Structure formats: structure tokens, C-alpha cells
Amino acid sequence: RLQLVPFRSGAYSVADISFTLLEFREPVLVPVVFVEGLVGSQYYERPVDVARYRESIENIRDSALNSRDSEQRLLEIQETYAAI
């Protein structure tokens, strides 16, 4: 699923951070957050850390367009650039 965050939504808390939340179906494997930095990368496994990143994802999702509106916006952008 793709959801766009429009510029009008403003900046969000993790706009300058690149991270990935890894969750697994196997119950013995704990969720992990992989944070990519300029000079190194880190993995976070503590539940409190994972919860903060999960909350950030939810905040981004709340400010994003829904899937249908995101698809419509991408089509509008495609038409704009196709005309150039």
C-alpha cells in the first residue's frame, strides 16, 4: 500500500530519519527497528524503543492521504509531467 504525505501536512517528527520497522510472524522473534544514519546504523529491540517508532509510523499514516487519494494524486502528477 502506498500513501503520500502532502506538503500541506507540514513537517512530521521523523522527516529527516530513515528507519525500517521489522516485524515477524514467528512469535519468538521480537520486532526490530533499523535506523540508517550518515556515519552508521543502529538496531533497536527494546519494546519502549520499538513503540516510539511504531507511534511515529502511525502519526505519519494519520497525516497521509488514504490509498485511493494517493493513487489519484499520483495520476495527476503523471498527467502534469506527461504534458511537458
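The values are calculated or read from the model by the stated rules, or taken from the named source; none is laboratory data. Keep in mind it's a predicted model, so treat the numbers as computed, not measured. Cβ: placed from backbone, ideal geometry, glycine included. Neighbour counts: every protein chain shown. For accessibility, only protein heavy atoms count, side chains too; no ligands or nucleic acids. Shrake-Rupley method; radii C 1.70, N 1.55, O 1.52, S 1.80 Å.
Tabulated data for the structure shown
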item: Members of segment 1-59 that are aromatic (Phe, Trp, Tyr) and either open to solvent by 90 Å² or more (accessible area, probe 1.4 Å) or within 14 Å of the chain's Cα centre (by Cα) (or both); result: Phe7, Tyr12, Phe19, Phe24, Phe34, Tyr43, Tyr53
item: Selection status of Arg54, closer than 17 Å to Arg1 by Cβ and basic (Lys, Arg); result: yes
item: Neighbours by Cβ (under 8 Å, 6+ apart or cross-chain): first from segment 65-84, within 22 Å of Arg1 (Cβ to Cβ); second surrounded by 12 or more Cβ atoms within 10 Å (Cβ to Cβ) and of a type in the set (S, T, N, Q); result: Leu65/Gln3; Asn66/Gln3; Ser67/Gln3; Ser70/Gln3
